[in-house]
């Protein structure tokens, strides 16, 4: 029973985490379609806020409840391949997010904050970087979910 509670909490954290990182890309695409600097500014303000309110706490709880589930289920983090690779993928995602996506988001927000400084060429350059690293940060945990569900040996 305790194992199932840990696992349920882990799955809920995964849902919140993946939902938020996925919807951020949707918001960005919708804002870009408008070609409206203020819409892009507002979108990135809200993506940054959602990361602070949902992504960061969810990934923290995901890790805590994932480790609790593994311990409660007597799974070795190192000797269980699907757990080990999921941890590695989460580390890759975290690096992509913290070292690449977050700084780019801040640069985009700062750029879009000033009508005088805003240039589409600069925005597009930052946007492409956000797309690349955001894809890494998003796809890695989706692959981890596949590993967690299928549990390949």
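Table: residues versus (1) surrounded by 15 or more Cβ atoms within 10 Å (Cβ to Cβ); (2) assigned to a helix (DSSP H, G or I); (3) in contact (Cβ under 8 Å) with a residue 60 or more places away in the chain.
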site	(1), (2), (3)
64	no, yes, no
74	no, no, no
77	no, no, no
87	yes, yes, no
90	yes, yes, no
99	no, yes, no
109	yes, yes, yes
114	no, no, no
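Would you pick out the residues in region 31-41 that are without any contact (Cβ under 8 Å) to a residue 40 or more places away in the chain, assigned to a helix (DSSP H, G or I) and surrounded by 12 or more Cβ atoms within 10 Å (Cβ to Cβ)?
If the condition is that a residue be without any contact (Cβ under 8 Å) to a residue 40 or more places away in the chain, assigned to a helix (DSSP H, G or I) and surrounded by 12 or more Cβ atoms within 10 Å (Cβ to Cβ), then 31, 39 are the ones that fit.
Laboratory data are not the source of any read-out in this text; all were calculated from the coordinates shown. This is a predicted model, so every value here is computed, not measured. Please note: Cβ atoms are built from the backbone with ideal geometry, for glycine as well, and neighbour counts cover all protein chains shown.
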